[in-house]
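The block underneath contains the structure these notes are about, expressed in structure tokens.
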Amino acid sequence: MEETDVMEKAVAPVTSTRAPTQQTYDELQEAFDHFNETLFLPILGHLLPMCIITLQRERRTFGYYSDERFVNRGEGGVVDEIAMNPSYFSIRPIEHTLSTLAHEMCHQYQRHFGNPGRRGYHNREWSGMMGRLGLISSSTGQPGGRRVGERMSHYAAPDGPFEQSCAELLTRNFRLSWIDRYPPVSPDELPSNMFAGDDDVLPAPVLLSPGLPDDSDDIVEEGEVYD
């Protein structure tokens, strides 16, 4: 059944015994763990530390990474945040959504094992790490774009490490089960490079649809934030 058919079906009671919240975050954690073990450890040399994956409807981005965003109230330890924008789960191919997760994981990797650029800047080291993972940084999400800069997209190298790792994950019948019934744009309104380019930053022409609340203005990020 097509995802659009799912969104248009009449609302029916949830019959699964698995809580939707737990299912959603378990699936994202499964993807994080898979890429950690099949990409970051064997290719870059280290496992990423634990983080908290959140769902955030951040305006004009598919995801972002925030350094040391959460602190444990009892023990005092801190962990990073990787945020994913669920607004686009239903209208982007799952491989593209998962590439956004890997993009943000690369920011986390550089923060712990490399030398990040100034706030929000995607430097050559980060671009090199992405390339080794099979994700080519690009300001346009297409071949020929700038490889470094303030707000960067990427595209997947054909049959590269990311594509192979993602394909392996999907052979397990992996899915993102819960999708937004009211995405801010329809698939027909998405620029073509949003599919071909695997970009995680929305191009300027894509805006929230009239009538939908935009509650992402004036968000203050205390830590380093990269999208």
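Heavy-atom accessible area of Thr171 with all protein chains present, probe 1.4 Å, nearest 10 Å²?
Thr171 has an accessible surface of roughly 110 Å² with all protein chains in place.
Please report the accessible area of Ile91 (heavy atoms, 1.4 Å probe, ligands and nucleic acids excluded) in Å², nearest 10.
Result for Ile91: roughly 10 Å² accessible.
With a point put 7 Å past each Cα toward its Cβ, work out how far Glu95 is from Thr21 in nm, to one decimal.
Output for this residue pair reads 3.5 nm.
Short version: ³J(HN,Hα) in whole Hz for each residue of the range 132-145, in order, from phi by Karplus 6.51 cos²θ - 1.76 cosθ + 1.60 (θ = phi - 60°), x for Gly and Pro, what are they?
5, 7, x, 10, 8, 5, 7, 5, 9, x, 9, x, x, x
Near Arg124, within a Cβ-to-Cβ distance under 15 Å, what is the net charge of the other residues, with Lys and Arg +1 and Asp and Glu -1? Intermediate values should be presented prior to the final figure.
Values: positive: Arg118, Arg132, Arg146, Arg147; negative: Glu125, Glu150.
Combined, the nearby Lys, Arg, Asp and Glu give +2.
Taking the Cα centre of the range 115-188 as origin, sum charge times position over the Cβ atoms of Lys and Arg (+1) and Asp and Glu (-1), and report the length of that vector in debye to the nearest 20.
Values: 10 positive and 7 negative charges, 68 e Å.
Once rounded to the nearest 20, the dipole reads 320 debye.
Answer rounded, prolate or oblate for the range 102-160, using the Cα gyration tensor with square roots of eigenvalues a ≥ b ≥ c: rounded when a/c is under 1.5, else prolate when a/b is larger than b/c, else oblate.
It comes out oblate by the Cα gyration axes.
The values are calculated or read from the model by the stated rules, or taken from the named source; none is laboratory data. These numbers were taken from a predicted model, which means no experiment stands behind them. FYI the Cβ positions are ideal-geometry reconstructions off the backbone, even for glycines, and counts take in every protein chain you see. Protein only, heavy atoms only, side chains kept; ligands, DNA and RNA dropped before computing areas. Shrake-Rupley method; radii C 1.70, N 1.55, O 1.52, S 1.80 Å.
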